[in-house]
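Reviewing the structure listed below.
The values are calculated or read from the model by the stated rules, or taken from the named source; none is laboratory data. Just so we're clear, the structure is a prediction, and the values are computed from it rather than from any experiment. As a convention, Cβ positions derive from the backbone with ideal geometry for all residues, glycine included, and neighbour counts pool all protein chains shown. Accessible surface is based on the protein model in full, side chains and every heavy atom, while ligands, DNA and RNA are left aside. Shrake-Rupley method; radii C 1.70, N 1.55, O 1.52, S 1.80 Å.
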Amino acid sequence: AFIILGFRSGRLYFDFIVFSAPFTFSEILTFVPKISNKAKFGILTLIPLFVLYANYSSQAFQRGYGVSEIDLPVRVAEFISSEKLRGPMFNTYGLGSYLIWRLYPEYQVYIDGRAPVYDQGENNTLLEYYDILGSPEAWLKADKKYNFNMAVVDWPFVVGSKTYNTTLKNLTPDQWVPVFFDAKAIVYLKRNEVNKNLIDKYGFSYINPQE
């Protein structure tokens, strides 16, 4: 029943399968009384394997059973904090929730996953954000408004034969320098006196991760 409900609930099926597995195996043993002790032992060893899987798989990390450096910008947040980068920060939508959890109040995000919070009033950050993604002119207008000093952005991604890159046209090499990246995100610093030492130390001169 748990597994069926899990599949019906879509993205939560993994949780139901993992946590209902021990009960499922127990029921199997109940209905097969003639099963050998060796077979019982074999089936029961699957239970700790499911527990280990729940603890260490990337899917499990996405569900909140741990912190995955593949699915969250863990090292990026560590770099920002340890190097004491200066804001204001621009960030892409999917990164904001982790960054605000990890870095607030020292750093404030531009946007995070709570869309309704940003989608209201005259100062509609959600609409502004989507304008930024589609228009370098909108980006320059927002940059002038907020005076961004760093940008934390997603990697480009591919769906089918199309590549989606939301920031390449905005973070131009003459104005922005990539200084750090992990499996999830890339940190750019604006070319200015405030960031000069960090850019000299960490800046990538011959590589643009957005390409």
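Looking at segment 89-189, which trypsin sites (Lys or Arg not before Pro) are in a loop (DSSP not H, G, I, E or B) and have at most 14 other Cβ atoms within 10 Å? Write out the running numbers ahead of the final one.
On the way: sites: R102, R114, K141, K144, K145, K162, K169, K184; in loops: R114, K169, K184.
For trypsin sites (Lys or Arg not before Pro) across segment 89-189 that sit outside H, G, I, E and B with at most 14 neighbouring Cβ atoms in 10 Å, the list reads R114, K169.
Under the 0.36 nm per residue contour assumption, what length would be gained going from the current alpha-carbon distance of K141 and E122 to full extension?
Working: separation 19, 0.36 × 19 = 6.84 nm, distance 1.60 nm.
Extra length available between K141 and E122 comes to 5.2 nm.
Which three numbers, in whole Å and largest first, are the semi-axes of the equivalent ellipsoid of segment 81-130 derived from its Cα gyration tensor as √(5λ)? Walk me through the intermediate numbers first.
Working: eigenvalues 92, 23, 16 Å².
Output for segment 81-130: semi-axes of 21, 11, 9 Å.
Grab the alpha carbons of segment 164-211, take their convex hull, and tell me the volume per residue in Å³. Numbers along the way, then the final one.
On the way: hull volume 3.8 nm³, N = 48.
Convex hull of Cα atoms, per residue: 79 Å³.
For segment 58-211, what is the accessible area per residue in Å² when the probe is 1.4 Å? Mind dumping the intermediate values first?
Details: 8940 Å² over 154 residues.
Normalised by residue count, the accessible surface of segment 58-211 is 58 Å².
Over all alpha-carbon pairs in segment 117-211, figure out the percentage whose distance exceeds 18 Å.
Distances greater than 18 Å cover 50 percent of the Cα pairs.
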